[in-house]
Amino acid sequence: MRLTGKWLLWFVMIGAYVMVLGGVFYYNLFKWTFDEKLKQDIVETVKVYAPTLRNGLLRNPRAITFEEYDIMQSLAKDERISSLVYISRQGAIRWYKEPRFLGMPWDEFQKQVPPPTDAITQAYLSKMPKTRQVPKEPFYEIAFPFSVRGEIVGIVDVLVSRAGAEVLIGSAMRKYVFLAVGVLFLLGLPLYFFFHHYVIAPLEVLRDSVDTISLKSMELRFVNRPDEVGELGQAISAFLQKIKGEMEAQVSKDKKYKDAEQKWWRALLGVIIPSDEYVIVVDENNSVLYANFELGGGPDAKNLHLLDVVDSQQQNLLRLVGQGFESPNRMIEGETVFKGQSSRVKVLHVGEGADLSRTLILFSPKKQVSISV
């Protein structure tokens with residue numbers, strides 16, 4: 001995968017990860033905010049009616065007054081309230097949506113309509129409003145106790161639906177996702193252009209410059225940049241110059257070695273080989289290293305192949321040279337014609353393998369025998 005693809009993949013993955021974390025945070029924040037607002041609105045609504053309800057409970061503990069009835073009807077019409085129970089000081093149902101429960105004792109009522117939580121009990125014991133989440137259901141139960149001089153005179157129990165809050169939370173989360181994707185895009189676009197302009201494009205130029213490097217000059221044609229890509233180009237350029245220096249040193253070393261070997265062969269064979277015999281020394285590529293006779297430029301033959309010295313038609317000689325390659329360190333003898341003379345040939349191939357070997361070819365002209373009559 002290319003670097004731009006990897007960057008894009010990582011950017012999307014990190015962006016999605018941040019969006020999920022942010023989504024969890026904002027969902028809980030929205031949930032807490034809207035739920036608290038919902039509960040606070042219900043509490044404030046009931047507080048407005050609290051004096052009237054308290055007075056009605058004190059004036060007529062056994063039956064609901066018209067003012068209380070109007071209040072209950074008004075609360076029951078609130079879309080946020082799913083259920084409403086009004087309990088008197090004697091523990092009787094003072095108001096409920098079904099008339100058949102009116103006046104029923106609380107113990108009998110809760111057998112037929114079980115309370116979803118213990119909010120009523122906790123409100124009665126603490127004499128303070130209590131809110132409880134209904135388990136596994138989108139409802140809150142809020143119990144409001146009314147007390148006079150520390151004595152509970154009645155309780156209003158409200159079952160509040162979270163449906164409206166869920167709608168608001170869903171709407172807020174959709175806006176969050178839309179804005180998060182927009183921010184991710186707006187943030188990623190300039191980052192991508194920055195990444196492409198300052199990293200990818202210079203690397204592509206550097207790649208093209210590397211492709212055009214000549215093995216002769218070992219020069220990297222790349223404009224210096226004051227950044228990491230420029231430092232990379234300078235490092236490659238320095239590496240190329242180092243390779244060039246080592247190659248030149250190796251070439252010089254090989255030349256010196258070849259010159260020294262030619263001197264060695266000249267000194268050695270000049271002593272051993274008689275002046276009327278001819279000798280050629282070739283390397284593993286059959287390039288002439290030394291010859292004790294002049295080859296178009298002096299005794300030190302250079303840049304000449306064996307076939308430049310020996311006629312390619314001399315199949316017998318070439319066969320002997322081939323046998324020498326096949327039988328290293330063993331003298332191969334035969335006859336051929338060299339320099340217009342019938343000569344005996346000795347071929348000796350020595351070396352440690354195909355990459356480093358030397359072959360010595362010795363021509364000994366046959367002496368002419370004159371017969372006197």
I want to confirm something. Restricting to segment 274-292 and keeping residues that are surrounded by fewer than 16 Cβ atoms within 10 Å (Cβ to Cβ) and more than 59 Å from the chain's Cα centre (by Cα), which single residue is nearest to residue 342 (Cα to Cα)? 276
Condition test on residue 113, is it more than 30 Å from residue 32 (Cα to Cα), in contact with a helix residue (DSSP H, G or I) (Cβ under 8 Å, 6 or more places away or on another chain) and of a type in the set (Val, Ile, Thr)? no
Name the one entry in 178, 139 that is among the aromatic types (Phe, Trp, Tyr), outside the structural domain of residue 91 (by TED's automatic domain parsing) and under 52 Å from the mean Cα position of the chain (by Cα). 178
Cβ-Cβ under 8 Å, sequence separation 6+ or interchain: first residue in segment 312-324 and modelled with pLDDT under 80, partner part of a helix (DSSP H, G or I). Which pairs? 312/318
For the subset of segment 84-101 comprising residues that are in a loop (DSSP other than H, G, I, E, B) and touching a residue at least 24 places away in the same chain (Cβ under 8 Å), which member is farthest from residue 56 (Cα to Cα)? 90
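Rundown of residues vs (1) outside the structural domain of residue 356 (by TED's automatic domain parsing); (2) among the β-branched types (Val, Ile, Thr), yes/no style:
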site	(1), (2)
255	yes, no
259	yes, no
278	no, no
281	no, yes
284	no, no
290	no, no
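The values are calculated or read from the model by the stated rules, or taken from the named source; none is laboratory data. Source: prediction; values computed, not measured. Every residue, glycine as well, gets a Cβ built from its backbone with ideal geometry; the counts of neighbours run over all protein chains shown.
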